[in-house]
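> Here it is, the structure in full.
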Amino acid sequence: MKEYEIVWEIFNQCANNQMRDVFIEEAELASPEEYVKKKFKGKAVTYEQELLADGTLVFHIDASGIRERCTFTEI
């Protein structure tokens with residue numbers, strides 16, 4: 001298992017409001033994808049994964065019509 005810093009962002013749906021909710025945590029995980037599946041269990045979820053050049057893994061998520069993002073950076 002690897003240890004990650006996880007940044008979870010929930011984007012605001014209101015027009016002209018650029019603010020978002022941001023939550024930060026650290027966790028030891030076997031799979032970031034399993035973390036995302038567990039976190040959004042029971043919701044209508046689709047997501048795309050993006051691997052950045054520095055190894056950071058980003059999940060772009062649509063959870064029941066709400067745009068969210070989970071970013072996993074290995075510690």
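> Only Lys, Arg, Asp and Glu count, each charged at its Cβ (+1, +1, -1, -1), so figure out the dipole size of the chain about its Cα centre, rounded to 20 debye.
For this selection, approximately 440 debye.
> Given the chain, what percent of its DSSP beta bridges are antiparallel, to the nearest 5? Mind dumping the intermediate values first?
On the way: 31 of 31 bridges.
Restricted to the chain, the bridges split so that about 100 percent are antiparallel.
> Let me ask another. Quick query: amide H of ARG67 versus all other amide H atoms, modeled in the peptide plane; which residues come in under 5 Å with a sequence gap of 5 or more or a different chain?
Placed amide hydrogens put PHE11 under 5 Å from ARG67.
> Considering the dipole of the chain built from charges on the beta carbon (Lys and Arg +1, Asp and Glu -1) around the Cα centre, which of ASN16, SER64, ILE6 is farthest to its positive end?
The residue sitting most towards the positive pole is SER64.
> What FRET efficiency comes out for GLU26 versus SER64 if R0 is 22 angstrom and r is the Cβ-Cβ distance? Round to the nearest 0.05. Display every interim value, and only then the final one.
Details: r = 27 Å, r/R0 = 1.22.
After rounding, the FRET efficiency stands at 0.25.
> Follow-up. Pull out a ≥ b ≥ c, the square roots of the eigenvalues of the alpha-carbon gyration tensor of the stretch 7-54, then state rounded if a/c is under 1.5, prolate if not and a/b is larger than b/c, and oblate in the remaining case. Present the calculation step by step, with values, prior to reporting the outcome.
Values: a/c = 1.80, a/b = 1.47, b/c = 1.23.
Because a/c hits 1.5 or more and a/b exceeds b/c, the stretch 7-54 counts as prolate.
We did not get these values from a lab; they are worked out from the coordinates using the rules stated. Not measured: the values here are computed from a predicted model. Cβ: placed from backbone, ideal geometry, glycine included. Neighbour counts: every protein chain shown.
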